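Report on the following structure.
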Amino acid sequence: MKTMVTGPGTSGTRRSGVQTLALMVCLATASVAGISGCSIAVPAPESTGAASAAGQQSFAAPTVQAGHDAAGVAAKNMTFDAGVTLSPGVPVGYSDVFGETPGSYDSSPAAPEWTRTSNNVAGQSSYSNAAGCIAAYWTTTNQGPLIEAGDDKASTKKLFKYLIPSVVEDSLKEATLPWVTQAGKPGPSISFLRYDTHASEGVAASSVWARMLGTADTGLLVSLSCPSDELLAATTPAVMKKLSVVPPTS
């Protein structure tokens with residue numbers, strides 16, 4: 001498989017964050033769908049005199065809001081509108097229990113066993129099971145070019161359009177993942193958009209979940225592929241019991 005990343009010659013943390021996110025989706029999609037190559041065009045970073053001056057500062061400005069109620073935010077559903085209640089610039093991550101044997105948190109004795117295939121490689125972790133399904137999740141920061149201030153849903157649509165230029169907005173369906181500190185435990189949910197593709201000859205069925213948290217400057221993606229549509233549908237609930245998005249503590 002050949003992967004090509006194209007973009008402006010200048011570098012910057014904002015560009016690299018978006019580039020990493022696009023590259024990880026490209027690689028994950030290619031690995032499960034038999035795509036022969038990936039071509040990713042990276043938008044040029046914004047450049048202003050003020051931004052250049054800020055880059056020369058010798059101190060880091062605080063990002064946590066005074067009096068911010070992190071516990072209160074964690075206790076409520078993280079809807080698209082609720083994204084503005086997060087602390088600016090504080091990244092959001094995941095918890096997973098893919099490596100654990102089904103126990104008290106999962107009463108289904110038929111839940112598949114998962115084997116880790118990568119661990120936080122460029123922000124991505126992935127697992128596979130004996131049925132041929134592959135689950136992956138990753139996060140990235142510095143998403144400035146894709147963020148619509150104060151509108152996480154619009155930002156998430158923009159993210160999907162950037163990663164999959166042919167995506168039709170009507171094909172993006174609202175979905176949720178657990179919004180809890182420990183995967184497998186009950187609690188609130190976080191809103192995502194999901195894009196599904198059907199299996200065909202030589203191509204796996206797949207789902208991609210995405211959420212842009214503009215205030216937190218964090219992009220979240222989860223993907224799941226299985227050999228058939230039926231297996232994908234049956235496996236998705238099990239994956240949701242083994243993965244959660246962790247509310248930040250500050």
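Check K242, K161, K173, K153 and return the single one that is of a type in the set (D, E, K, R) and under 24 Å from S118 (Cβ atoms).
Selected residue: K242, the only one of K242, K161, K173, K153 that is of a type in the set (D, E, K, R) and under 24 Å from S118 (Cβ atoms).
Taking into account only those residues within the range 122-155 that are under 20 Å from S225 (Cα atoms) and hydroxyl-bearing (S, T, Y), which is surrounded by the fewest Cβ atoms within 10 Å (Cβ to Cβ)?
By that ranking, first place goes to S128.
Working only within the range 193-250, note down all residues that are assigned to a helix (DSSP H, G or I), in contact (Cβ under 8 Å) with a residue 12 or more places away in the chain and more than 28 Å from D151 (Cα to Cα).
Across the range 193-250, the qualifying residues are D229, L231, L232, T235, A238.
Taking K158 and the conditions (1) within 23 Å of E100 (Cβ to Cβ); (2) of a type in the set (K, R); (3) surrounded by fewer than 19 Cβ atoms within 10 Å (Cβ to Cβ), which numbered condition does it fall short on, given that it satisfies the others?
(1)
Which one of these is over 18 Å from F80 (Cβ atoms) and crowded, with 20+ Cβ neighbours inside 10 Å: S206, S191?
S206
For the range 130-155, which positions are closer than 18 Å to V90 by Cα and within 16 Å of the chain's Cα centre (by Cα)?
Scanning the range 130-155 gives W138, T139, T140, T141, N142, Q143, G144, L146, I147, D152, S155.
It is to be established whether one or more residues within the range 212-233 are surrounded by fewer than 21 Cβ atoms within 10 Å (Cβ to Cβ) and at positive phi.
Taking every residue of the range 212-233 in turn, none turns out to be surrounded by fewer than 21 Cβ atoms within 10 Å (Cβ to Cβ) and at positive phi.
Within the range 165-186, work out how many residues are assigned to a loop (DSSP other than H, G, I, E, B) and either out of contact with any Ser or Thr (no Cβ under 8 Å at 6 or more places or on another chain) or crowded, with 21+ Cβ neighbours inside 10 Å (or both).
Qualifying residue count for the region: 7.
Quick one: is A216 under 22 Å from A74 (Cβ atoms) and within 17 Å of the chain's Cα centre (by Cα)?
yes
Scan (1) under 28 Å from A74 (Cα atoms); (2) touching a strand residue (DSSP E or B) at 6+ places or on another chain (Cβ under 6 Å); (3) surrounded by fewer than 19 Cβ atoms within 10 Å (Cβ to Cβ) for the single condition S118 breaks and write down its number.
(1)
Computed from the coordinates by the stated procedures, all read-outs in this text should not be read as laboratory data. All of these numbers come straight from a predicted model, not from anything done at the bench. Using ideal geometry, Cβ is built from the backbone for each residue, glycine included, and neighbour counts are taken over all protein chains shown.
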